Amino acid sequence: MMKLDVIAIFQESSVPYFCARQRHIARLRREFPAAEVRWCRTRQTFERLLPRMQVAVTWAFRQEWFERAPELRCVASSAAGRDLSPLEPPPHVKVMRGTHHGPIMAETVLGLMLAVNRGLYDAYACQMRGELWPSANLYGVRLLAGTHAVIVGFGRIGQHIGRMLKGFDVRITGVRRNVSQRQPEWFGSGDAVVPLSRMDGVLRKADHVIAVLPSDTGTDNIFDARRLVLLPRHAVFYNVGRGNCVDEQALAKALRLGRLRGACLDVFAQEPLTSGSPLADNLPGLIRLPHSSAFADDYFDRFLDEVVAWLKK
């Protein structure tokens, strides 16, 4: 373990779940009693510490800060996407990015899938219209068991989602660029991983399409109008990756015309969502979340587990 003199924490986020609390500072001080652990409440305080810090725990580190931090050895970011903080660190600085999002996001996706497929959203919509007993107005209610989920972006988060869905007897097809990696140990006989070149074929047989794609690897409009038409009318599209991967005009049109059963979206091309977005209307079958699929009260606790283990290597 390297000698640590100053560990600085600065979480510039409007989301409380992503920010450090007093218990997190106390834990770092217990784990590294010889270090000065500084909780920076403002960017100015953090920047003043740059010349002295060895470790920066922050949501997004700025590239120009490296020149002002000659003692820096580690940058730990809780953000999963590299697009939020694209860095080219000097050779002596290591960058750690949080890998704790998968179990949290998997629960969000499962919750959306259960709510859509078991008619909970439809029942709530009927309730809001004043219907007291809408049993005749719940259409297309089905079991998750025996359905087929295509997970596009079958990395760490995508595999967490797939593993959780296996508990509901959902057949999994993962789509990824590199298919040479060993298949997950929890795969069953009907599960598979296929390359992007075979995605069109599996989309035609999907009950659920779950996008977990980054934005920085050529993923713009992978789900364009042509591919959305391939999906069965009973299929539901879920996006918890990045909003750039889908043609939002085409998706809105598909929902409006009933070509898709629904779409559950956590991310959008422009965030925060504005009234000018084609997905800002109350379209049939559309469920919107405000980029919140990783929200959890213990989010920072999970991240800190990784930071402590990483620094103690």
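Would you mind stating whether Ala79 is free of Cβ contacts under 8 Å to residues at least 40 places away in the same chain, buried (at least 18 other Cβ atoms within 10 Å of the Cβ) and not acidic (Asp, Glu)? Against the criterion (free of Cβ contacts under 8 Å to residues at least 40 places away in the same chain, buried (at least 18 other Cβ atoms within 10 Å of the Cβ) and not acidic (Asp, Glu)), Ala79 qualifies. Being assigned to a helix (DSSP H, G or I), in contact (Cβ under 8 Å) with a residue 24 or more places away in the chain and charged (D, E, K, R), is that true of even one residue in the stretch 51-72? Checking the stretch 51-72: not a single residue is assigned to a helix (DSSP H, G or I), in contact (Cβ under 8 Å) with a residue 24 or more places away in the chain and charged (D, E, K, R).
Every residue, every condition in (1) farther than 12 Å from Ile210 by Cα; (2) exposed (fewer than 13 other Cβ atoms within 10 Å of the Cβ); (3) at pLDDT below 95, yes or no:
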residue: Asn117; (1), (2), (3): yes, no, no
residue: Leu132; (1), (2), (3): yes, yes, no
residue: Val152; (1), (2), (3): no, no, no
residue: Gly158; (1), (2), (3): no, no, no
residue: Ile161; (1), (2), (3): no, no, no
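Here is the figure for the stretch 42-57: residues that are surrounded by 15 or more Cβ atoms within 10 Å (Cβ to Cβ) and closer than 16 Å to Leu4 by Cβ total 8.
Scoring Ala80 on the criteria (1) part of a loop (DSSP other than H, G, I, E, B); (2) over 25 Å from the mean Cα position of the chain (by Cα) leaves a single failure, condition (2). Within the stretch 1-41, if we keep just the residues that are over 20 Å from Ala69 (Cα atoms) and β-branched (Val, Ile, Thr), the residue that is surrounded by the fewest Cβ atoms within 10 Å (Cβ to Cβ) turns out to be Val15.
Looking at the stretch 263-273, can you tell me whether even one residue there is buried (at least 17 other Cβ atoms within 10 Å of the Cβ), in contact with a Pro (Cβ under 7 Å, 6 or more places away or on another chain) and closer than 29 Å to His160 by Cα? Checked against the condition, which is being buried (at least 17 other Cβ atoms within 10 Å of the Cβ), in contact with a Pro (Cβ under 7 Å, 6 or more places away or on another chain) and closer than 29 Å to His160 by Cα, the stretch 263-273 yields no hits at all. What's the number of the only condition in (1) touching a residue at least 12 places away in the same chain (Cβ under 8 Å); (2) over 24 Å from Glu107 (Cα atoms) that Ile161 fails to meet? Condition not satisfied by Ile161: (2).
Across the stretch 226-243, the number of residues qualifying as surrounded by fewer than 20 Cβ atoms within 10 Å (Cβ to Cβ) and without any contact (Cβ under 8 Å) to a residue 60 or more places away in the chain comes to 6.
The values are calculated or read from the model by the stated rules, or taken from the named source; none is laboratory data. The shown structure was predicted, so the numbers you read here are calculated from the model rather than taken from an experiment. No Cβ is skipped: glycine too gets one built from the backbone with ideal geometry, and neighbour counts run over all protein chains shown.
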